[in-house]
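Contents: one structure, followed by commentary.
The values are calculated or read from the model by the stated rules, or taken from the named source; none is laboratory data. It should be emphasised that the depicted structure is a prediction, and the values quoted were computed from it without experimental measurement. Cβ placement follows ideal geometry from the backbone for every residue including glycine, while neighbour counts extend to all protein chains displayed. Quick note on the areas: whole protein, heavy atoms, side chains included, nothing else; ligands and nucleic acids left out. Shrake-Rupley method; radii C 1.70, N 1.55, O 1.52, S 1.80 Å.
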Amino acid sequence: MIVATGSGGPPVGNTALSGKTVLLGITGSIAAYKSLTLLRDLKAAGAEVRVVLTKTAARFVPALTLQVFSDHPVQTDLFESENEMAHIHLAQEADLVLIAPVTAHFMAKMVMGLNDDLLSSILLATTAPVIIAPAMDLGMWAHPATQDNVSILIKRGLKIIGPEVGRLASGKTGMGRFSEPANILKQVLNIFSETPPLMAGERVLVTAGPTEEAIDPVRFISNRSSGKMGYAIAETAKRWGARVVLISGPTALPEPEDVELIRVRSAKEMKIAVERFLPESSLVVMAAAVGDYRPRNVAPEKIKKTGTGYFIELEETEDILAERPTGPKGQVVVGFAAETQDVIENARRKLKKKRLDLIVANDITAEGAGFGVETNIVHLIDAKGKVTSPPKQLKQHIAEHLLKAALEIKQHRTNR
Ligand code: CTP
């Protein structure tokens with residue numbers, strides 16, 4: 001049995017649940033009121049949540065409240081919907097079915113395969129993974145019938161979160177307490193990110209953010225890159241099982257968990273860091289907006305006003321991507337092209353010039369694309385010239401497209 005550990009606020013942003021549909025089933029336990037918090041936390045983690053209540057659960061937590069929290073109709077009865085196939089639709093659209101809390105009675109029904117209401121019918125119809133979080137009094141949990149049912153469900157591949165030892169509704173203390181919603185979410189994320197480990201064994205190097213080139217001790221030249229695209233790529237690769245090194249220029253973004261973060265400022269520092277990690281990387285994604293120019297001379301003291309203006313002579317920085325060392329056999333290299341005109345043509349030219357396998361072209365002047373915003377509009381162009389243009393979407397979803405395209409290129413190579 002999985003035992004919950006730790007607690008804390010819900011994770012937000014790019015998580016294993018981002019964009020996934022979770023069917024939250026609530027059965028008739030006193031702990032059902034905690035499902036409101038769970039519902040809110042699942043949404044904060046990026047999930048679309050559909051709620052289905054059993055009749056008894058509706059006595060503990062009102063359907064209307066859940067409806068407001070989930071932004072979707074909440075159903076209980078198999079026959080109340082105009083669509084008599086509602087259970088099939090709900091079963092099919094779910095990426096995950098989470099029943100929390102689940103009662104001893106409902107688990108017994110699951111074991112028998114009975115389907116006398118909407119939730120139990122969905123369970124028979126779904127092919128999505130099912131996770132249950134039991135809540136009941138200690139005697140009911142310890143009963144051999146319940147324990148046998150739990151082992152049958154585990155054997156069938158269901159995951160169980162909790163229950164925990166603690167104070168119960170009856171006033172007694174023992175095993176049967178519903179896990180805290182924050183713990184349930186944490187474990188759901190762990191379980192859910194186990195599948196699919198698309199990038200297990202991959203070593204991914206990502207560059208992100210702007211670079212800064214010093215003018216004097218207090219001033220620098222930089223650009224408007226927020227680093228969001230590169231961080232989304234690093235986090236997604238990590239979530240898909242890769243070992244990730246993220247070389248980042250200065251950004252205001254939180255440090256991604258379980259990613260090796262190397263902070264740099266100038267193009268030169270970024271180049272040194274890339275040269276260190278590139279030879280051992282199976283996939284390289286250069287999403288950083290590297291500054292193309294730096295002051296030829298950096299003033300050692302703060303430049304004073306003279307009243308006559310000031311000229312700074314700039315020289316080109318090194319092109320990290322074009323001048324990169326040769327990588328290991330099979331390495332896939334992805335570059336970005338930030339363009340304001342002739343987007344595809346210019347990107348194609350860069351792909352050739354910089355010897356890339358894939359280039360992600362974006363028109364940084366388009367609304368909902370480029371620097372600072374949460375979304376992006378990109379064209380993925382491969383070395384054969386094939387262009388794929390996913391619709392405008394969150395940077396984390398663009399990151400998924402990009403990594404899948406890079407994996408396909410890898411796959412083709414190994415099949416050849
Ligand atoms: N790049 C780099 N080093 C530089 C400039 C760019 O490694 N000094 C990388 C970027 O990380 C990106 C790709 O090269 O993956 C293209 O960057 P972009 O700024 O679009 O193109 P540039 O080569 O700088 O060309 P231009 O600014 O003239 O469009």
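For the chain, set up a Gaussian network in which alpha carbons nearer than 10 Å are linked by springs, and say which option among GLU257, GLU48, GLU213 fluctuates the most.
Among GLU257, GLU48, GLU213, the largest mean-square fluctuation in the Gaussian network model of the chain belongs to GLU257.
Give a residue-ordered list of calculated ³J(HN,Hα) values for segment 353-359 (Karplus: 6.51 cos²θ - 1.76 cosθ + 1.60, θ = phi - 60°; whole Hz; x for Gly, Pro).
With coefficients 6.51, -1.76 and 1.60, one gets 4, 9, 6, 9, 8, 7, 10 Hz.
Per the 1.4 Å probe, what fraction of the accessible area of segment 140-278, in percent, lies on carbon and sulfur atoms?
53
Solvent-accessible area of ASP292, probe 1.4 Å, all protein chains present, reported in Å² to the nearest ten, please.
Near enough 100 Å² of accessible area.
Report the FRET efficiency, 1/(1 + (r/R0)^6), for THR306 and SER222, where r is their Cβ-Cβ distance and R0 is 22 Å, rounded to 0.05.
Given R0 = 22 Å and the Cβ-Cβ separation, E is 0.35.
Would you mind telling me which residue in SER225, SER151, SER193 has the biggest mean-square fluctuation in a Gaussian network model of the chain, where springs connect alpha carbons within a distance under 10 angstrom?
SER151
From the backbone phi of segment 94-103, what are the Karplus-calculated ³J(HN,Hα) couplings (6.51 cos²θ - 1.76 cosθ + 1.60, θ = phi - 60°) in whole Hz, Gly and Pro given as x?
6, 8, 7, 10, 10, 9, 8, x, 10, 8
Pull out the extension gain between ASP71 and GLU269, defined as 0.36 nm times the separation in residues minus the alpha carbon to alpha carbon distance; nm, one decimal.
The ASP71-GLU269 span can extend by a further 66.5 nm.
Pop a pseudo-label 7 angstrom from the Cα along the beta-carbon direction at both ALA214 and GLU408 and give the gap in nm to one decimal.
Here the answer is 4.6 nm between the modelled labels.
Residues with beta-carbon under 10 Å from that of ILE359, excluding ILE359: net charge, scoring Lys, Arg +1 and Asp, Glu -1?
Taking every other residue near ILE359 into account, the sum is +3.
Taking R0 as 56 Å, what's the FRET efficiency between THR365 and MET140 from their Cβ-Cβ distance, rounded to 0.05?
Efficiency, rounded to the nearest 0.05: 0.35.
Given +1 on the Cβ of Lys and Arg, -1 on the Cβ of Asp and Glu, and no further charges, what dipole in debye does the chain carry about its Cα centre, rounded to the nearest 20?
840
Step through the residues of segment 114-123 one at a time and calculate ³J(HN,Hα) from phi using the Karplus curve (6.51 cos²θ - 1.76 cosθ + 1.60, θ = phi - 60°), rounding each to whole Hz and writing x for Gly and Pro.
7, 9, 9, 8, 5, 4, 5, 5, 4, 4
Quick check on the chain: of the DSSP beta bridges with both residues there, what percent are antiparallel, nearest 5%?
In the chain, approximately 30 percent of DSSP beta bridges are antiparallel ones.
Compute the longest continuous run of the chain that contains no exposed chymotrypsin sites (Phe, Trp or Tyr not before Pro); treat a site as exposed when its DSSP state is not H, G, I, E or B and it has at most 14 other Cβ atoms within 10 Å.
80-309
Tell me, how many Å apart are the Cα centres for segment 402-416 and for segment 159-222?
So the separation of the two Cα centres works out to 28 Å.
List the residues of segment 216-233 whose backbone N lies under 13 Å from a point placed 7 Å from the Cα of ASP292 along the Cα-to-Cβ direction.
none
What does the charge dipole of segment 21-191 about its Cα centre add up to, to the nearest 20 debye, if the Cβ of each Lys and Arg holds +1 and the Cβ of each Asp and Glu holds -1?
680
Using amide H atoms built in the peptide plane, which far-off residues or other-chain residues are under 5 Å from VAL102 H to H?
ALA133, ALA135
Which distance in Å, rounded to a whole number, links the C-alpha centroids of segment 105-119 and segment 320-338?
54
For LYS302, LYS20, LYS329, give me the order by solvent-accessible area with a 1.4 Å probe, most accessible first, ignoring ligands, DNA and RNA.
LYS329, LYS302, LYS20
Determine the per residue accessible area of segment 21-191 with all protein chains present and a 1.4 angstrom probe, expressed in square angstrom.
44
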